[in-house]
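Please read the structure below before turning to the comments.
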Amino acid sequence: MADTGGPFGLVPRALWSRYYQPDEQSRIPMHHNCLLVRTPGRTIVVDTGLGTKIPEKMQRIMALTRPEGDLVAGLRRLGVEPGDVDLVVNTHLHNDHCGGNTYLTGDGELAPTFPNAEYIVQRLEYADAAFPNERTRGTYFAENFAPLYESGQMRLLDGDVEIVPGMRVVVTPGHTRAHMSVVFEQGGEAALYVADMASLTVHFERLAWMTAYDVEPLVTLETKRIWQRWVLERDAYVLFEHDPKITVGKLLGEGSALRVEPAPAHDRASA
């Protein structure tokens, strides 16, 4: 659950409450949808969620639930063991996107969740995370990334990079200065994993709606303008990391009347 002041920032309650009904503590549910990509010879995980290192008190405050278990449990249901993953993409280093990079062993030592994987993130993002300020230090936790960098398991990127044919990471600034999204293009189809460029579907529909977490909100606005156009031109799927209602959708409409509709079930499977 998230306090509505976070996801909606300056947007009045009278507007956002048309889309999301808060509970008695003014919270709405937010999901953590990490992404598994399998190609011939590669097993890739995009973002690792909150992980298992969160203290019980904080779990209670967040009303955190895991009805189907954590990320590792979810991967195992798909036949993927932690040792099978050879690449982890961190869209950015906020705790809810990379907390699962590492875990605490029975001896209380930090260890990589995916021991055989290379972890990648933008160099500027790592710098901002390694030297947080008073605003950002509540979400940049060194235990999620510093051990990986120090051991050589994390590689720092400088801009957009093709990961495998048909999949690339692109810098989509605003939420953080070097936030990344993931683009898929192959066989005439396209998809965009937006991460926190648009935490909820309504953020992608409306340029002026953004979270209170965005460090450069006006940059977020222009980033969304670019990628709205990209999605519409390609009739691309849009994959959302946090939205509790729509995980895979299509952006429809034009001008100021854009809306995200759920992708049909058979389309979601292919996406």
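The values are calculated or read from the model by the stated rules, or taken from the named source; none is laboratory data. Quantities reported herein were computed from a predicted structural model and do not represent experimental measurements. Here the Cβ positions follow ideal geometry from the backbone for every residue, glycine too, while neighbour counts run over all protein chains shown.
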Neighbours by Cβ (under 7 Å, 6+ apart or cross-chain): first from segment 119-143, on the phi > 0 side of the Ramachandran plot; second not basic (Lys, Arg) | none
Go through the residues of segment 66-73 one by one and say whether even a single one is within 30 Å of ARG123 (Cα to Cα), assigned to a loop (DSSP other than H, G, I, E, B) and touching a strand residue (DSSP E or B) at 6+ places or on another chain (Cβ under 7 Å).
-> no
Is it the case that TRP209 is touching a Leu at 6+ places or on another chain (Cβ under 9 Å), under 30 Å from ALA130 (Cβ atoms) and among the aromatic types (Phe, Trp, Tyr)?
-> no
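Please work out which residue is farthest from the chain's Cα centre (by Cα), limiting yourself to segment 86-119 and to residues that are part of a strand (DSSP E or B), of a type in the set (A, V, I, L, M, F, W, C) and crowded, with 19+ Cβ neighbours inside 10 Å.
The first filter runs over segment 86-119 and keeps only residues part of a strand (DSSP E or B), leaving 87-89, 102-104, 110-112, 118-119.
Now restrict to residues that are of a type in the set (A, V, I, L, M, F, W, C): 87-89, 104, 110-111.
So of that shortlist, the ones also crowded, with 19+ Cβ neighbours inside 10 Å come out as 87-89.
Values: LEU87: 16, VAL88: 12, VAL89: 10 Å.
My answer is LEU87.
Quickly run through segment 192-205 and pick out the residues that are out of contact with any helix residue (DSSP H, G or I) (no Cβ under 9 Å at 6 or more places or on another chain) and either over 25 Å from ASP128 (Cα atoms) or without any contact (Cβ under 8 Å) to a residue 60 or more places away in the chain (or both). Step through it out loud before you land on a result.
Here is the first cut: in segment 192-205, the ones out of contact with any helix residue (DSSP H, G or I) (no Cβ under 9 Å at 6 or more places or on another chain) are 193, 201.
Result: THR201, single match.
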For segment 178-187, does any single residue satisfy the condition of being over 19 Å from the mean Cα position of the chain (by Cα), free of Cβ contacts under 8 Å to residues at least 60 places away in the same chain and under 23 Å from ILE54 (Cα atoms)?
-> no
Could you list, in sequence order, the residues of segment 128-176 that are of a type in the set (Val, Ile, Thr) and in contact with a Cys (Cβ under 8 Å, 6 or more places away or on another chain)?
-> none
Pairs with Cβ under 6 Å, 6+ apart, first in segment 1-27 and on the phi > 0 side of the Ramachandran plot, second surrounded by 11 or more Cβ atoms within 10 Å (Cβ to Cβ) and hydroxyl-bearing (Ser, Thr, Tyr) | GLY9/THR211; SER26/THR4
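Out of all the residues in segment 43-53, is one or more part of a helix (DSSP H, G or I) and buried (at least 22 other Cβ atoms within 10 Å of the Cβ)?
Pass one, segment 43-53, residues part of a helix (DSSP H, G or I): none.
The answer is no, given that none of the residues of segment 43-53 is part of a helix (DSSP H, G or I) and buried (at least 22 other Cβ atoms within 10 Å of the Cβ).
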Taking segment 140-158 as the search range and keeping residues that are part of a loop (DSSP other than H, G, I, E, B) and in contact with a helix residue (DSSP H, G or I) (Cβ under 9 Å, 6 or more places away or on another chain), which one is nearest to ASP86 (Cα to Cα)?
-> GLN153
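May I ask you to verify whether VAL89 is out of contact with any helix residue (DSSP H, G or I) (no Cβ under 9 Å at 6 or more places or on another chain) and either under 27 Å from ASP128 (Cβ atoms) or touching a residue at least 60 places away in the same chain (Cβ under 8 Å) (or both)? Can you show your working first?
On the way: out of contact with any helix residue (DSSP H, G or I) (no Cβ under 9 Å at 6 or more places or on another chain): yes; either under 27 Å from ASP128 (Cβ atoms) or touching a residue at least 60 places away in the same chain (Cβ under 8 Å) (or both): yes.
Considered against the rule, which asks whether it is out of contact with any helix residue (DSSP H, G or I) (no Cβ under 9 Å at 6 or more places or on another chain) and either under 27 Å from ASP128 (Cβ atoms) or touching a residue at least 60 places away in the same chain (Cβ under 8 Å) (or both), VAL89 comes out as yes.
Residues that are among the hydroxyl-bearing types (Ser, Thr, Tyr) and at pLDDT 95 or above: does segment 65-75 have at least one?
Looking only at segment 65-75, we keep the residues that are among the hydroxyl-bearing types (Ser, Thr, Tyr), and these are 65.
Subsequent filtering for residues that are at pLDDT 95 or above retains none.
No, segment 65-75 contains no residue that is among the hydroxyl-bearing types (Ser, Thr, Tyr) and at pLDDT 95 or above.
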Filter result for MET167 (surrounded by 23 or more Cβ atoms within 10 Å (Cβ to Cβ) and either farther than 30 Å from ARG18 by Cα or of a type outside the set (Ser, Thr, Tyr) (or both)) | no
Give me the pairs, please: first residue somewhere in segment 253-271 and farther than 17 Å from VAL183 by Cα, second residue anywhere and assigned to a helix (DSSP H, G or I) and at pLDDT 85 or above, beta-carbon distance under 7 Å, and either six or more positions apart or on two chains.
-> LEU258/GLU205; LEU258/GLN228; ARG259/GLU205; VAL260/THR201; VAL260/PHE204; VAL260/GLU205
